[in-house]
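Below you'll find the structure, written out as structure tokens, and then a few comments.
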Amino acid sequence: MRVFALSDVHADYDANVRWLDELSMQDYQDDVLILAGDVSDSLGTLERTFRCLTGRFDTVAYVPGNHDLWVRGEGPATSLQKFAAVHAVAADCGVATAPVHRGAISIVPLLGWYDYSFGEPSSELTARWADFRACRWPEPFDAAAVTAWFLERNEASLDTENDTVISFSHFLPRIDVMPGYIPAERRLLYPVLGSTRIEEQIRRLQPDIHVYGHSHVNRRITLDGIDYVNNALGYPQETRIAARELVCVHEA
């Protein structure tokens, strides 16, 4: 059994859908896919993508990303209601949103958001970042309250123990997983990449590997004894920072 990582498939793009559809129907039947968020804000596209991947992998484990919780047009009125709807689609498609245990391996999803612990958002970021318009939170939720709401739902999983524990989140748990070559103009986005509170939960769980998404900057780095892996499919034009390949993070 192998464990593969993938995030940010953005299945609203035809090129990404073709890439997913071209994955082998035979090669991964005994394997697990960690799908670390950002599939689509469309529930129909989300379902199609889930069914595509569950037909290819023995198990698909998923956490929603920010794009998945956008509220636009008809449907759920708030992003918390959208979260419930996304989980209902996952359950209907046989996609795991709770810890997965396969023999000596446990795979633990960690929900999250961003709370500006990586920096305060600038006025430019506030104007540009789509979440500030496409996500709707009930009053009086602010970014810190949204983050706390998601992290609270991780608490029951933080005592997971096994020979190998792999955790995963959509959002970054620490800003130093970002490489030093990121130009200053791109660092504008750092406040909305994640939260140090996710890292606090990772330290309590003590996984061997943590998979994350969201940044679209593919990287594998070991920090304080944990192997951090990002493997985003990304947008079709992001050929320099994202790779269009599956990455195996563990093989039993």
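Coordinate-derived values only; no laboratory data. Just so you know, these numbers come straight off a predicted model, no measurement behind them. Positions of Cβ are generated from backbone atoms using ideal geometry, with glycine treated the same way; all protein chains shown enter the neighbour counts.
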Quiz prompt | Filtered residue count, segment 199-246, keeping only those that are closer than 17 Å to GLU161 by Cα, touching a Pro at 6+ places or on another chain (Cβ under 7 Å) and either assigned to a loop (DSSP other than H, G, I, E, B) or of a type in the set (A, V, I, L, M) (or both) | solution = 2
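Quick check on this structure: which one of TYR62, TYR28 is among the aromatic types (Phe, Trp, Tyr) and over 21 Å from HIS170 (Cα atoms)?
Values: TYR62 fails: over 21 Å from HIS170 (Cα atoms).
The conditions single out TYR28.
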Quiz item: Quick one: would you say GLU124 is acidic (Asp, Glu), surrounded by fewer than 16 Cβ atoms within 10 Å (Cβ to Cβ) and in a loop (DSSP other than H, G, I, E, B)?
Solution: no
Quiz item: Among the listed residues VAL165, VAL249, which satisfies the condition of being outside any loop (DSSP other than H, G, I, E, B), within 16 Å of LEU110 (Cβ to Cβ), under 16 Å from the mean Cα position of the chain (by Cα) and not polar (S, T, N, Q)?
Solution: VAL249
Quiz prompt | The listed residue being closer than 20 Å to ILE198 by Cβ, of a type in the set (Gly, Ala, Ser), surrounded by fewer than 16 Cβ atoms within 10 Å (Cβ to Cβ) and touching a residue at least 24 places away in the same chain (Cβ under 8 Å), out of ALA77, ALA98 | solution = ALA98
Quiz prompt | Single residue of segment 177-213 satisfying the filter (small (Gly, Ala, Ser) and in contact with a strand residue (DSSP E or B) (Cβ under 9 Å, 6 or more places away or on another chain)) that is farthest from LEU151 (Cα to Cα) | solution = GLY213
Practice problem: Report, by residue number, each residue of segment 169-198 that is surrounded by fewer than 22 Cβ atoms within 10 Å (Cβ to Cβ) and either touching a Pro at 6+ places or on another chain (Cβ under 8 Å) or assigned to a strand (DSSP E or B) (or both). | Solution: PRO191, THR196
Practice problem: Answer yes if at least one residue in segment 228-248 is over 28 Å from ALA15 (Cα atoms) and either surrounded by fewer than 21 Cβ atoms within 10 Å (Cβ to Cβ) or in contact with a Phe, Trp or Tyr (Cβ under 6 Å, 6 or more places away or on another chain) (or both), and no otherwise. | Solution: no
Quiz prompt | ARG128 vs. criteria of a type in the set (Lys, Arg), within 30 Å of ALA252 (Cα to Cα) and more than 16 Å from the chain's Cα centre (by Cα) | solution = no
